[in-house]
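One structure below.
Bear in mind these aren't lab numbers, they're just calculated from the coordinates by the rules spelled out. Treat the numbers as computed from the prediction; the structure is a model and nothing was measured. FYI the Cβ positions are ideal-geometry reconstructions off the backbone, even for glycines, and counts take in every protein chain you see.
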Amino acid sequence: MYKRIPRNMKNPRMLTEKGREDFLAQIGRLWPAAKGSVAEVHKPCVREGCKACMEGRKHRAFILAYKDGGRRRCLYVPEERVAALRSAIANGRRIEQLLSQCGAEIVKQARRKR
Ligand SMILES: [Zn+2]
């Protein structure tokens, strides 16, 4: 599910000023960013004799699941915001990949210095 960092994303050299600039530039291009997941659901409504519900199609809705501290939360997402939200979540994953690389880079640099 997690894609590899595209080749044009350099591995930031964390412990130098250039590394900091590279990092900030990459993060800056990944805005807006978000963390969570979007799910499509089909829910029944409360209208009596609703055709969509009686035929089993029900009503399509989108839900954002995210964590607030340790608490799992959900929000309904207006359909016209779904694409933007998914794109922001993809950016958030790239930022997380970048942070993972930064941790590894800090350790590798310490090794090189020995
Ligand atoms: Zn209905």
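Observations, loosely collected:
- Euclidean distance of C-alpha centroids, segment 38-66 and segment 75-114, integer Å: 32
- Taking Cβ atoms as reference points and 10 Å as the exclusive limit, the residues near residue 35 contribute a net charge of +1, counting Lys and Arg as +1 and Asp and Glu as -1.
- The calculated pair-distance distribution of segment 14-114 uses every alpha carbon pair, bins of 5 angstrom beginning at 0, and gives 2, 11, 14, 14, 13, 11, 9, 8, 5, 4, 3, 2, 2, 1, 0, 0 percent.
- Axis of helix 82-113 versus longest Cα principal axis of the chain: the two differ by about 20°, to the nearest ten degrees.
- Listed by chain and number, the aspartates and glutamates whose alpha-carbon sits under 14 Å from that of residue 58, ignoring those within fewer than 8 places in the same chain, are 40, 48.
- Rounded to 10°, Cα long-axis angle of helix 17-29 versus longest principal axis of the chain: 20
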